[in-house]
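The structure appears below as structure tokens.
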Amino acid sequence: MGGILVAIDGPAGSGKSSVARAVAARLGVVNLNTGAAYRAAALLALRENVDLADGEGLAALARRVELDPEGASIDGARVGEPELRSPDVSAAASKVSAHVSLREVLLPVQRAAAEKARAQGGGVVEGRDIGTVVLPDAELKVYLSAAPEERARRRAYQTGREGELDRIRAAIARRDRQDSEREISPLKPAADALVLDTTSLSLEEVISRVLDLAIDLRGQT
Ligand code: DC
């Protein structure tokens, strides 16, 4: 008997990471940020000069990536958050994630990490296709959205780059396009997801809505 899995999907700046982290902490369960695996594969591609259009080459790199609640590892060595979150890696992650071959490698990696979390009491798993593809049987699926302008503002504030709002807005629009227009696992809500537009909600309001639902569901299982 394990706990429940909560899937949280949404575009960049929708509040996924903050919500997932807080909900996991308050439920006392594991938080998995699946974007870290895509970012680690992208970082490897940049380090080793693998063409971001070379699907097979990228899939081979992805085999060296592992995912756990602390983040991602490459060849068994932990990769630091600052390195994974650089603008270059963010842009490359969106590109590498469009390759079917790479997604096929990372799919079982994410499922195994989620099932391990379930066995340990449950997990909150965050990404782009968790409710639709990675964990279609998750007990709770949440899709967070927010107006692009608001997401850019949050990202700029979060990273202390308020002066770069225009550049951040453009980067978010580009990533939105790439993530939602790709053929495989595009960013979209699962049919049975709760869709929450967070544009005018505070972080605390979003956290408590998701938490209430999760606690209800946990009580039923
Ligand atoms: O959540 P994030 O910004 O750290 O994700 C980085 C990139 O990885 C994002 O542009 C799309 C991709 N990604 C994905 O395709 N599927 C996931 N489950 C998670 C991330």
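The table for this structure:
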| item | result |
| --- | --- |
| Matching residues in the stretch 81-130 - criterion: being within 13 Å of the ligand (Cβ to nearest atom), among the hydrophobic types (A, V, I, L, M, F, W, C) and not in a helix (DSSP H, G or I) | Ala98, Val125 |
| Residue ranges of helices (runs of 4 or more DSSP H) in the stretch 1-70 with at least 2 members closer than 21 Å to Thr132 by Cα and at pLDDT below 95 | 16-27 |
| Filter result for Ser180 (within 12 Å of the ligand (Cβ to nearest atom), under 19 Å from the mean Cα position of the chain (by Cα) and surrounded by fewer than 17 Cβ atoms within 10 Å (Cβ to Cβ)) | yes |
| Residue in the stretch 152-167 that is without any contact (Cβ under 8 Å) to a residue 60 or more places away in the chain, exposed (fewer than 14 other Cβ atoms within 10 Å of the Cβ) and within 17 Å of Gln178 (Cα to Cα) present | yes |
| Unmet criterion (only one of (1) outside any helix (DSSP H, G or I); (2) under 25 Å from Arg64 (Cβ atoms); (3) away from the ligand (no atom under 12 Å from the Cβ)) for Lys141 | (2) |
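The values are calculated or read from the model by the stated rules, or taken from the named source; none is laboratory data. Just so we're clear, the structure is a prediction, and the values are computed from it rather than from any experiment. Note that we place each Cβ from the backbone using ideal geometry, even for glycine, and neighbour counts take in every protein chain shown.
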